[in-house]
Amino acid sequence: MASVVLSEAEKLYIVHGVQEDLRVDGRGCEDYRCAEVETDVVSNTSGSARAKLGHTDILVGVKAEMGTPKLEKPDEGYLEFFVDCSANATPEFEGRGGEELGTEISNTLYRIFSSESCVDLKSLCINPREHCWVLYVDVLLLECGGNLFDAISIAVKAALFNTSCKLELC
């Protein structure tokens with residue numbers, strides 16, 4: 001991720017905001033953004049969810065397909081992530097602006113959701129070394145208003161739960 005350089009004035013502004021329990025948008029330091037989660041919002045998917053966190057809006061669709069387990073993990077299924085940073089979400093994503101961020105988020109999601117503590121990948125195995133479920137997770141950023149990773153994580157988790165119920169894994 002790109003590093004952000006702050007001027008002394010910006011640093012002082014942040015410090016004073018913390019000391020006075022005030023954020024730029026008027027919330028207190030411990031106030032959270034309103035969250036909404038809807039599941040089963042896209043009809044032609046194995047599972048889907050839409051999460052809104054403040055002014056951030058994320059749509060996730062999951063498509064389950066039969067595949068072959070990876071050689072290094074023959075008794076597990078796996079997830080593939082694609083993140084589309086829509087140019088409508090923020091002007092910064094115009095042209096190719098969102099591609100780098102999309103790739104970074106995809107890689108982060110892969111690391112997080114490949115963990116045994118997050119998703120039981122063994123439950124996606126049908127026949128070791130032969131057949132497994134491959135879950136293709138497509139993330140679309142509809143609006144970008146902060147808390148991007150939080151909103152995406154919530155939406156992905158909700159869509160995966162919606163998928164597991166349809167596949168009778170839960």
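A few remarks follow.
- Max mean-square fluctuation residue, GNM over the chain, Cα-Cα springs under 10 Å, options 79, 148, 12: 12
- Solvent-accessible surface of the chain, averaged per residue with a 1.4 angstrom probe and all protein chains in place: 62 square angstrom.
- Highest-first arrangement of 65-78, 23-36, where packing means the average Cβ count within 10 Å: 65-78, 23-36
- Among 89, 155, 49: highest mean-square fluctuation, GNM of the chain, C-alpha pairs under 10 Å: 89
- Gaussian network model of the chain, springs between alpha carbon atoms under 10 Å - residue of 47, 61, 145 with greatest fluctuation: 145
- A crude spin-label estimate for the pair residue 40 and residue 24, with each label 7 Å from Cα along the Cβ direction, gives 4.0 nm.
- Solvent-accessible area of the chain (1.4 angstrom probe, protein heavy atoms only): carbon and sulfur portion equals 53 percent.
- Alpha-carbon centroids, the stretch 59-132 and the stretch 18-52: separation in whole Å: 22
- Cα-based Kirkwood hydrodynamic radius, the stretch 36-170, one decimal, Å: 15.1
The values are calculated or read from the model by the stated rules, or taken from the named source; none is laboratory data. It should be emphasised that the depicted structure is a prediction, and the values quoted were computed from it without experimental measurement. Cβ atoms come from the backbone with ideal geometry, glycine included; neighbour counts cover every protein chain shown. Remember, those area values only see protein heavy atoms, side chains included, never the ligands or the DNA or RNA. Shrake-Rupley method; radii C 1.70, N 1.55, O 1.52, S 1.80 Å.
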